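Data block below; observations after.
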Amino acid sequence: MTARELATEHLGADYYSDPYAAHARLRARGPVTPVVLPGGMPAWLITGYAEARAALADPRFRKNMPGWQPAPGSVGGLLGVHMLDSDPPDHGRLRRLVNKAFTARRVDGLRPRITAITGALLDGLADRGEVDLLAAFAFPLPITVICELLGVPVADQDDFRTWTATAVADNAPAGLARAHGVAMTSYLVALIEAKRRDPADDLLSALIAARGDADRLSEAELVSMIFLLLVAGHETTVNLIASGMLALLLNPPELARLRADPALTSGAVEELLRYVNPVSNATFRCAAEPVELGGVRIGRGDAVFVALSGANRDPARFGRPDRLDLGRDTAGHLAFGHGIHYCVGAPLARLEAEIAFTGLLARFGGIRLAVPPESLRWRPSSLIHGLESLPVRLAPAGAAEPAGGIPVRWDA
């Protein structure tokens, strides 16, 4: 079947707060269905696990085709030529350069620094009672880590939060998107020039030095690579920590289970990745030729959106997928993607989340939502599934449950 033979579903603003319900509804019709995204773009949305995994590894779905623009407000110019928007052979060349920095050994070497940053942030939460956990903890932890790793001044993190929020939003006015894109480009160009004059022991200086090697980076590639690493280097972890903590608060038995057995933390991070899906959908792909997938025919030039959060809640792959189960076998989940575009920063995100959850639960014996769950607001993004804030009340370890929090009803 083609898109003309299938009813197209127009996804509304409720897609931002609950993409899972939309994906389940669409999956009941078929694993690949035509939709119009909340931002107004028509696309094929892949919600079945097997089909999503196949699409992510299929070279016929390309990131870049002449004359194809994924969305009217997409980031372009010097910020739009990074490896996530590249196809082979350019992708392999760019990926090799970054892989040198994100080795398992180097990431694990960051453990003491990540632990120290976590501890300092938790110190700042002590005795505050009510706090926005996203603004005070979930955001500053990963943005500080990636800024230090790259060699970007941490003092500029608020600017990056503003710029990247615009970059992933569906509803950013075109003028604002262009203005923020220009501002970030200008900032990165100036930063690169400063690092050229005074190189340091950081990833940005290393990438600049690599321009003299066989894997030479163009100026646009260098700027765009730093942009990608800054955005991807914190967005996944910010939303994993915040949305993951919300999931635990809404599932008290699983939160109690994790508190009772901290050895579960590594597996819990994997289940939270599957369950909350910080990156709800993979970035756009375009069919370079007609493709038969999931019983439909995707035409050449059609936009394709792989719903990672849909695939990770496909009951054909994960039993009782809408239930949070910290002991679940999550092998094969697609939270970090699959294929050549598998997230290069996945080991860093896992390490940051493990340290964050371990520290947070050890420091505060009581954590409660400070507002009703239904009042929480979600960011207007089809790519990122993330909260705008997470108000909670905290009580130190050994203290009584925090007063004034919102008791949560939970049904197994």
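What follows draws every value from the coordinates through simple rules; no lab data is involved. Being a predicted model, the structure only gives us computed values, none of them experimental. So basically every Cβ, Gly included, is an ideal-geometry build from the backbone, and we count neighbours across all protein chains shown.
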Size of electric dipole in segment 169-319: Cβ of Lys, Arg +1 and of Asp, Glu -1, about Cα centre, debye, nearest 20: 240
message: Quick check of the Kirkwood formula: for the chain, what is the inverse mean of 1/r over all pairs of different Cα atoms, in Å?
response: 22.1
- request: May I ask you to evaluate 6.51 cos²θ - 1.76 cosθ + 1.60, the Karplus curve with θ = phi - 60°, for each residue of segment 109-121 and list the ³J(HN,Hα) values in order in whole Hz, giving x for glycine and proline?
  value: x, 7, 3, x, 5, 5, 5, 5, 5, 4, x, 5, 5
- line: Expressed in angstrom, Rg and Dmax over the Cα atoms of segment 243-376 are 17.4, 55
query: Which of these, Gly119, Gly40, Gly109, has the largest mean-square fluctuation under a Gaussian network model of the chain (Cα springs below 10 Å)?
result: Gly109
- prompt: Label Arg105 and Ser186 with points 7 Å out from Cα along Cα→Cβ: what is the distance between them in nm?
  reply: 4.3
For the chain, with +1 on Lys and Arg beta carbons and -1 on Asp and Glu, the positive-most of Gly181, Leu133, Pro59 along the dipole: Pro59
task: Give me the compactness ratio for segment 271-319, meaning the Cα radius of gyration over 2.2 N^0.38 Å.
output: 1.35
message: Using the Karplus curve 6.51 cos²θ - 1.76 cosθ + 1.60 with θ = phi - 60°, what ³J(HN,Hα) values do you get for each residue of segment 317-322, in whole Hz, with x for Gly and Pro?
response: 10, 10, x, 6, x, 8
Viscosity 1.567 mPa s, temperature 4 °C, Stokes-Einstein D of segment 176-319 from Kirkwood C-alpha radius, µm²/s: 67
query: Per-residue HN-Hα couplings for segment 156-170, Karplus 6.51 cos²θ - 1.76 cosθ + 1.60 at θ = phi - 60°, whole Hz, x for Gly and Pro?
result: 8, 5, 5, 5, 5, 4, 5, 5, 6, 4, 5, 4, 9, 7, 7
query: Between Rg and the Kirkwood Rh of segment 84-145, both from Cα atoms, what is the Rg to Rh ratio?
result: 1.20
